[in-house]
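The values are calculated or read from the model by the stated rules, or taken from the named source; none is laboratory data. Just so it is clear, the model here is predicted, and its values are computed rather than measured. Glycine gets a Cβ as well: all are built from the backbone with ideal geometry, and neighbour counts include every protein chain shown.
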């Protein structure tokens, strides 16, 4: 096959490109320039998309003996990822920019351009496995649970998976680094990137405050106890908070019970941030929209599992699909789940697809906790909290 290897400048994408060469593919390396001003993005191990990363990717391509190009995808990245990130926070939601980047840039804009140029697929260094299934390629979890990235790939649909190549899904990170060293790749010991690449100094709250400007719905508001309605303090921007947050709440005085408080809800229109005890963070029901299925959409109800964070654990769940609406009942409660996050659905190790959380049900949590059960949407009880 003639394939395009997306080379970020890290060890994973370099080894993925090397394995594609070993497999006999005609490989061309490409680095995605995602920033309008590369100097404003993070450097070193703090992120990706820097000039330093582009140079590392070019050196790796030279070692592999493959052609290498830099594609300017800054406009697509700004429209599909950065603007979406700002809009979601302004609306009181908590987005995952890595999912949007995979959806809008790496496996939409890049794949579309690659196919138009005559390439057969795109190779990336993501840790996930593609398996031939009865209806086409299926995406499964990687063998290394500590590096599995199937969650952030849960936005990919069947036509995209048909042109994707993930050479690292059957390896551990330790094995990949050792292989990079054997191949003479200078990125063998390069630390992994983390956090949000387009927030240069890591201060997400400050970055949002600056970038939102007049678009910010409320620059002041109250911190309100969810049970008593008592005003416990004030904030200078609801976008600076996310559900489950404890630190930096600026509570002027302790609540009556003296227990720590966590963010429960963000109301951007009213400018109110509601806080409460940790037990009130527990949710057992999710309402989601904007589903993206990695194959055929599930028919009716699926009993499987749901992952709610990139590095979170699985929750056994019953998932019911009705058109573009996805209802999830968690068989054990999750904490700190916010609208805007993705719920990625699994059937065993197979990724079924994903949907965006629009609402969580806390209204009946006290009763659920007391009773120890929740109601399965297809009838009958499922196990609740112990």
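General remarks:
- Within the stretch 266-290, being under 21 Å from residue 308 (Cβ atoms), surrounded by fewer than 20 Cβ atoms within 10 Å (Cβ to Cβ) and modelled with pLDDT under 90 holds for 277, 278, 279.
- Hits in the stretch 308-336 (condition: part of a loop (DSSP other than H, G, I, E, B) and either modelled with pLDDT of 95 or more or under 16 Å from residue 346 (Cβ atoms) (or both)): 308, 309, 310, 311, 312, 313
- Residue match in the stretch 44-66 (condition: surrounded by 14 or more Cβ atoms within 10 Å (Cβ to Cβ), touching a strand residue (DSSP E or B) at 6+ places or on another chain (Cβ under 8 Å), in the same structural domain as residue 100 (by TED's automatic domain parsing) and modelled with pLDDT under 80): yes
- Hits in the stretch 69-95 - residues which are surrounded by 21 or more Cβ atoms within 10 Å (Cβ to Cβ) and in contact with a strand residue (DSSP E or B) (Cβ under 7 Å, 6 or more places away or on another chain): 73, 92
- Within the stretch 146-172, the set of residues being assigned to a helix (DSSP H, G or I) and free of Cβ contacts under 8 Å to residues at least 60 places away in the same chain comprises 159, 160.
- Every residue from the stretch 119-142 that is under 22 Å from residue 33 (Cβ atoms) and more than 23 Å from the chain's Cα centre (by Cα): 119
- One residue alone among 275, 263, 243 is free of Cβ contacts under 8 Å to residues at least 24 places away in the same chain and either in contact with a helix residue (DSSP H, G or I) (Cβ under 8 Å, 6 or more places away or on another chain) or farther than 20 Å from residue 332 by Cα (or both), and that residue is 263.
- Condition met for residue 123 (touching a strand residue (DSSP E or B) at 6+ places or on another chain (Cβ under 7 Å) and closer than 22 Å to residue 173 by Cβ): yes
- Looking across the stretch 318-338, the residues that are in contact with a helix residue (DSSP H, G or I) (Cβ under 9 Å, 6 or more places away or on another chain) and touching a residue at least 60 places away in the same chain (Cβ under 8 Å) come down to 335, 336, 337.
- Residue in the stretch 250-263 that is under 26 Å from residue 100 (Cα atoms), modelled with pLDDT of 85 or more and not in a loop (DSSP other than H, G, I, E, B) present: yes
- Summed over the stretch 103-118, residues that are surrounded by 23 or more Cβ atoms within 10 Å (Cβ to Cβ) and either in contact with a helix residue (DSSP H, G or I) (Cβ under 6 Å, 6 or more places away or on another chain) or not in a helix (DSSP H, G or I) (or both) total 1.
- Taken over the stretch 8-28, the criterion of being under 25 Å from the mean Cα position of the chain (by Cα) and at pLDDT 95 or above is satisfied by 11, 12, 13, 14, 15, 16, 17.
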